[in-house]
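One structure is given below, encoded as structure tokens.
What follows draws every value from the coordinates through simple rules; no lab data is involved. If you're wondering where the values come from, they're calculated on a predicted model, not measured in any experiment. A quick note on method: Cβ atoms are made from the backbone with ideal geometry, for glycine too, and the neighbour counts reach across all protein chains shown.
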Amino acid sequence: MNNYIKKFSFFFLVFALAAGTSLAQDQQKPEDKEAEYTKAITQRADKIVVTLGITDPAKANRVRDIIVQQYRNLNSVQAERDEQVKKIKEQAGDDKLALEAKVKDLDAAADIKVGKYHTEYLSKLSKEINPAQIEKIKDGMTYNVLPVTYKGYLEMLPDLTEKQKSQILAYLTEAREHAIDAGSSEKKHWWFGKYKGRINNYLSAEGVETKKAREEWEKKLKEEQGGK
């Protein structure tokens with residue numbers, strides 16, 4: 001009985017602490033949330049700018065601020081879209097077709113806004129830094145998935161032709177262009193996943209056997225990792 005009471009007391013304490021944390025977050029002032037968000041995206045942008053090799057501190061700060069503003073713009077579009085979807089769901093009730101149609105319209109409107117921000121963002125960056133540095137920013141905003149994935153394909157399929165390599169890189173570059181506008185890590189990776197599917201279909205049409213090559217490559221990676 002004493003053990004039961006101890007366990008119950010422990011789980012009650014954990015629940016109370018979790019509830020208290022959640023309550024504290026809910027009661028957090030809007031200005032505090034904004035300050036935390038600004039700090040997070042500024043740190044994220046700083047990490048990207050460090051990779052660019054900019055020696056002028058003033059220019060580095062300007063580039064960082066451009067990146068921060070883009071993060072903020074994308075977040076505002078997503079937040080507005082999500083809030084509108086929430087309202088529509090409350091109003092639509094059980095009419096799923098009406099809900100889907102309205103959500104589709106909201107997504108289309110959000111895409112237009114994001115496209116506008118995308119163009120403005122790259123234009124602002126191009127006034128401060130060179131194309132190679134912009135490429136690094138795009139990679140930084142998408143967790144370097146493009147170079148890592150491209151390198152993986154080359155290692156996995158060493159007999160690829162230059163034409164095939166070029167097409168793989170083109171697909172990954174297009175995926176990254178979409179991914180830099182995505183509002184979450186999951187969505188960014190979703191874009192690359194979508195284009196990996198296109199790459200695999202392309203290679204299959206080219207007569208390249210990817211399944212066996214992937215299995216052998218992954219086996220080799222595990223062996224290398226196990227030897228370290």
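Mean sequence separation of contacting Cα pairs (under 8 Å, at least six apart), scaled by the length of the chain, corresponds to a relative contact order of 16 percent. Maximal additional length on extending the Asp111-Lys194 stretch stands at 28.1 nm, based on 0.36 nm per residue less the C-alpha distance. Candidates Val208, Gln84, Ile112 compared by Cα position along the dipole of the chain: farthest toward the positive end lies Val208, with charges placed on Cβ. Partners of Lys196 within straight-line reach, counting aspartates and glutamates whose Cα lies under 17 Å from its Cα and excluding those fewer than 8 residues away in the same chain: Asp139, Glu155, Glu174, Glu177, Glu186, Glu206, Glu209, Glu215, Glu218. Do you know the relative contact order of the stretch 45-109, to the nearest whole percent, from alpha carbon pairs under 8 angstrom that are 6+ apart? 25 percent.
What ranking of Thr142, Thr161, Thr51 emerges when the number of other C-beta atoms within 10 Å of each C-beta is taken as an exposure proxy, fewest first? Don't jump to the answer; show the numbers that get you there.
Details: Thr142 22, Thr161 10, Thr51 13.
In increasing order of surrounding Cβ atoms, one gets Thr161, Thr51, Thr142.
Sorting 39-46, 63-70 by their mean Cβ neighbour count within 10 Å, with the most densely packed peptide first, gives 63-70, 39-46.
The residue list Tyr153, Ile168, Trp190 was ranked by how far each Cα lies along the charge dipole of the chain toward its positive end, using unit charges on Cβ atoms, and Tyr153 comes out on top.
About its Cα centre, the dipole of the chain is roughly 380 debye, where the only charges are +1 on Lys and Arg Cβ and -1 on Asp and Glu Cβ. Summary of the geometry: the stretch 199-228 and the stretch 140-190, compared by the centres of their Cα atoms, lie 16 Å apart. Taking every alpha-carbon pair under 8 Å whose residues sit at least 6 apart, the stretch 21-142 reaches a relative contact order of 31 percent.
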